[in-house]
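Q: I'd like to ask some things about the structure below.
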Amino acid sequence: MSTNPIKTAVVGASGYSGQELLRLLLMHPGVDLVAVTSRQEAGRPLGEVFPRFRGAAKIADLSFIDPDIDAIAATGAQCAFLALPHGVAYEYASGLLEKGIRVIDLSADFRLNDADIYAEFYGGNHPSPHLLKEAVYGLPEFYAEQIRQARLVASPGCYPTSILVPTLPLVSAGLIDPATIMVSSVSGASGAGKKVDAAYLFTEVNESVRAYGAPKHRHLSEIEQELSLAAGKAVRISFVPHLMPVNAGICTTIFCQPSGDTGSAGKSVADAYAEVYGNAPFVRILGENKFPDTKHVTGTNFVDVGWVEDKRTGRIILFSAEDNLGKGASSQAVQSFNLMFGLSETAGLLNF
């Protein structure tokens with residue numbers, strides 16, 4: 001367990017996930033923020049780029065620097081968060097690891113175990129396939145022990161977190177047939193990232209909801225990977241994401257059918273959730289006939305889960321809500337950071 005603040009860098013700190021990471025790390029009692037990088041903002045003070053952070057004790061004279069591995073290492077950083085696009089993060093991960101810096105990657109570059117699946121969903125061959133075998137999938141409720149020992153953590157995507165948290169305990173317990181899983185999710189506009197694109201202009205997004213990314217959204221790759229591991233066989237699901245006119249939040253609805261047998265030891269949905277999440281500080285099981293609401297999770301690391309049994313159709317319908325920038329990205333990465341450095345799992349994450 002670390003007794004001194006962990007010297008920490010954020011690489012790619014000017015995007016939405018990077019900004020949320022900075023907010024969390026500036027309030028974190030176990031963090032000494034020593035480097036923030038951005039090509040476009042290099043040389044500018046942190047408080048100038050993000051006025052909301054002006055006066056924060058930890059930023060002092062901290063300014064953005066270019067994302068140079070040697071410069072990051074020279075700050076004494078012990079851990080680096082990579083808040084970079086997929087296809088870019090891997091360039092930094094291997095170099096930082098060689099410098100002895102532990103890495104938490106928020107992109108998709110290390111989430112998949114199979115380089116061929118990465119090529120199928122993200123295009124092109126993975127440049128560091130050896131690191132795919134080492135990287136730990138950063139879903140703390142399922143991989144806490146591996147995360148504690150990891151040099152490289154691949155933090156899950158926002159949609160995958162909202163889908164895997166409700167489904168994995170039920171698939172593992174044999175309570176639902178994974179082949180019947182169908183998912184509809186709606187996400188806030190920040191999920192598209194901080195980029196200039198006509199499709200995400202205010203007048204295009206406001207007062208409108210639209211589907212996109214069907215039938216093969218990139219996040220399907222990691223969702224199906226983790227469901228397949230839980231089921232012990234290959235799993236394919238249907239998934240349709242939607243864009244809704246709010247800044248942040250994901251609301252997910254999952255349709256599935258009970259398995260043909262009675263499941264593991266005749267467990268109920270409530271039993272399976274209690275067994276897996278009884279001591280999980282950031283998964284709130286609301287219960288049967290309860291419906292999660294994004295307004296209760298935005299700005300937090302919580303994911304709320306409810307369900308109903310549809311006796312008329314014989315289906316189970318699962319619901320979840322999370323902040324796509326929080327439990328779906330930055331705060332979940334901080335949760336893994338806490339585990340990696342022997343801190344309380346909730347450190348810096350219960351500031352409401």
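Q: I'd like to compare 99-111, 325-337: which one has the highest average count of other Cβ atoms within 10 Å, and what's the full order after that?
A: Highest to lowest by the protection proxy: 325-337, 99-111.
Q: Segment 198-263 to segment 113-172: how many Å between their Cα centroids?
A: Here the answer is 16 Å between Cα centres.
Q: May I ask for the equivalent-ellipsoid semi-axes of segment 159-322, computed as the square root of five times each C-alpha gyration tensor eigenvalue and listed largest first in whole Å?
A: Gyration-tensor ellipsoid for segment 159-322: 28, 17, 14 Å.
Q: Still on this model: Taking the Cβ of residue 279 as the center, what net charge do the other residues with Cβ under 14 Å away carry, scoring Lys and Arg +1 and Asp and Glu -1?
A: Local charge sum for residue 279: -3.
Q: Shifting gears a bit: Note the count of lysine pairs whose C-alpha atoms are less than 30 angstrom apart in segment 159-322, limited to pairs 8 or more residues apart or on different chains.
A: Taking the Cα cut-off of 30 Å, the pair count is 13.
Q: What is the chain's relative contact order, in percent, from Cα pairs under 8 angstrom and six or more apart in sequence?
A: RCO, the chain: 18 percent.
Q: Dividing the Cα radius of gyration by the Kirkwood radius, what Rg/Rh value follows for the chain?
A: Ratio value, two decimals: 0.96.
Q: When N counts the residues of segment 1-79, how does its alpha-carbon radius of gyration compare numerically with 2.2 N^0.38 Å, as a ratio?
A: Ratio of Cα Rg to 2.2 N^0.38 Å: 1.01.
Q: Net charge around residue 76, counting only other residues with Cβ within less than 11 Å of its Cβ (Lys, Arg = +1; Asp, Glu = -1)?
A: +1
Q: How do 311, 290, 233 line up, fewest other C-beta atoms within 10 Å first?
A: Taking fewest neighbouring Cβ atoms as first place, the list is 311, 233, 290.
Q: Residue separation times 0.36 nm, minus the C-alpha to C-alpha distance between residue 68 and residue 148: what's the value?
A: Stretched out fully, the residue 68 to residue 148 stretch lengthens by 26.1 nm.
Q: Once the other residues with Cβ under 15 Å from the Cβ of residue 159 are scored (Lys, Arg +1; Asp, Glu -1), what is the net sum?
A: Net of charged neighbours comes to -1.
Every read-out reported here was derived from the displayed coordinates using simple, explicitly stated rules and does not represent laboratory data. All values reported here derive from a predicted model rather than from experimental measurement. Every residue, glycine as well, gets a Cβ built from its backbone with ideal geometry; the counts of neighbours run over all protein chains shown.
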